[in-house]
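What follows draws every value from the coordinates through simple rules; no lab data is involved. All values reported here derive from a predicted model rather than from experimental measurement. Glycine gets a Cβ as well: all are built from the backbone with ideal geometry, and neighbour counts include every protein chain shown.
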Amino acid sequence: MAKYHWNYISVGGSTRVKISSGEDIRHLPELDRKLWTVLACPTTGLEMDPETLKSMDPDHNGKIRIDEVIETSQWLCTVLKDPKILFKQQAVLPLSEIADEAVAAVAKEIAGEGDTVALEQVDEAIAAVTVEEQPVPEAPLPAEVIAAYKACKDEYTRYYELEKLQKLGLARIPEETVAPGMTEKKFADMGAQIQAWEEASAAAGKANEDALAAAKARFAPLRKLLLLSRDYVQLLHNFVTFEDFYDLSDKKGIFQAGTLLIDQRACHLCMRVSDMSKHDTQASFSGMFLVYCDCVDQSTARQMQIVAAVTVGEINNLTVGKNAVFYDRQGNDWDATIVKVIDNPISIKQAFWTPYRKLGKWVEDKINQRAAEKEQKQFEDLTANVEQKAGELPSAATAAEAKEQKPVAAAAPQAFDIAKFAGIFAAIGMAVGMIGSMLVSVAKGWVALTWWQQIIVFLGIMMIISGPSMILAYLKLRRRNLSPLLNANGWAVNADAIINVLFGATLTDQARYPMLKLKDPFVKEGMPAWQKWAIAILVIAVVAVAAWLIYVFALKATV
């Protein structure tokens, strides 16, 4: 038998098999398993009908594996005349496309005079199914008597047992205990009647449920066929390939839960978080800037966690505690709050400013720390001074005792050690001299350069500072990978799902405004153009004079 010829596409940093025809589905068992993008995926937490996923999980273990996908394809190829009809992805099938006689007979019965059968018609037919039910036996006693029996059963049983022990002299019934209004035999007969009635009623109800389930069961294959007619190709596009995820149209992967609106951005790569502990170990390997959010639906009080990838813009305002709004695939809105941030580069531009941003934050933190320490020290000194003054106020008894005590000689002041301070002054002078010499050397070297050399040196210094950050960002942006996040959600991903810079830019929309001339009444009007030019010339002149003075100072220092 000739080997089947597959078509291939390049998507997500890998070459993948493209499933695009009915013959591809028919030959799916022949596809090398090493070429499948996914080896297994969960049946929950996906943007796909749970009934469809459960119909492909016969062992009910919560996972869909390659074998189950293949078994489904074989069943579809048996039931349908040509599986290419599946690419319409509709829950409607023409009767002429159904090959299985039993399924076709049920479909024709439901369709009536129509040429097609739809999932809604099958659901209506199932809801209308009735069976001849077995009669439920009548209750042996009135409902209130049965309820009273169940309420008093334990109490009466304990009384009769205690009565037997009392007759044997082994116990005594308290005088305040109220005796039942019937004999033990009558009470037991009543219980036996009620128990027999309940068992007969349960058996009749179970038989009626089984009969109704059996009557509905004949619709099950047709209903499964219509569910798969709508969803099976979508699953293949997210299992054999990630075609839906990389599609530039409105299609989305079945793992994409919705859109997060935050900081004037719409993040489309959002996933439900099923196990936060697994995300803690896997998320950093994705190389993406991630925000984890707790989401609450105020209308239903439902809660869930999501992770969103931010692939465009700055990150200064994306901090823990920031609020946002999440819209799921059904259009429902959720209140979202950031609870965790995984910091990774978003772009080369953002990485260029990262060292300066970190330096500014470090300086700000140090200033705040020193200010807080100084404030705390002043407060401690003030409180200590107040306590000392309060403790120095003498009482009548302590004043008398103070008169009798002899004054204590004051401690002799410590002599001034001029040698020690001379050493300190010498060290400070040496440090100042070294710093001055370094500045002079830098100034001499700077003024010795031409203007274009000074620009090159300035740019070189900036590249020395920002270069490592930009190189690291470039390497990480090339390796951004969706697979670790899917693995953390229970997927078994068999190939990388790379998110490069160009594709990443499509996963986040940023607010953009047209070119407009608007007047803000609360913004001070800018100065005229001639004043701006005058200030610019003045600044250049000051810089030039300062450079000349440094040059003169450097020349004198060398003489």
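Seen from every direction in turn and averaged, the convex hull around the alpha carbons of the range 143-216 projects onto 6.7 nm².
Pop out the ³J(HN,Hα) list for the range 244-251 in order, Karplus 6.51 cos²θ - 1.76 cosθ + 1.60 with θ = phi - 60°, rounded to Hz; leave Gly and Pro as x. Ordered by residue, 3J(HN,Hα) equals 5, 5, 8, 5, 7, 7, 7, 5 Hz. Phi angles of the range 101-116 translate, via the Karplus equation with coefficients 6.51, -1.76, 1.60 and θ = phi - 60°, into HN-Hα couplings of 5, 5, 5, 5, 5, 5, 4, 5, 4, 6, 5, x, 8, x, 9, 10 Hz per residue; Gly and Pro are given as x. Between Ala217 and Gln510, the distance separating the two model label sites (each 7 Å from Cα on the Cα→Cβ line) works out to 6.1 nm.
Estimated from the Cβ-Cβ distance and a Förster radius of 22 angstrom, the FRET efficiency linking Ala202 and Glu132 is about 0.70.
R0 = 25 Å: FRET efficiency of Val545 with Ile461, Cβ-based, nearest 0.05? Efficiency computed from Cβ-Cβ geometry: 0.60. When each of the peptides 245-258, 144-157, 278-291 is scored by how many other beta carbons lie within 10 Å of its residues on average, the order from highest to lowest is 278-291, 245-258, 144-157.
Between Ala139 and Lys186, the modelled label-to-label distance comes to 2.0 nm, taking each label 7 Å out from Cα in the direction of the beta carbon. Given R0 = 56 Å, the distance between the Cβ atoms of Ile70 and Asp343 translates into a calculated FRET efficiency of 0.85. Here the label points at Val363 and Trp533, each 7 Å from Cα along the C-beta direction, are separated by 3.3 nm in the simple model. Note on Arg478 and Lys519: the extension gain reaches 10.5 nm, defined as 0.36 nm multiplied by sequence separation minus the Cα-Cα distance.
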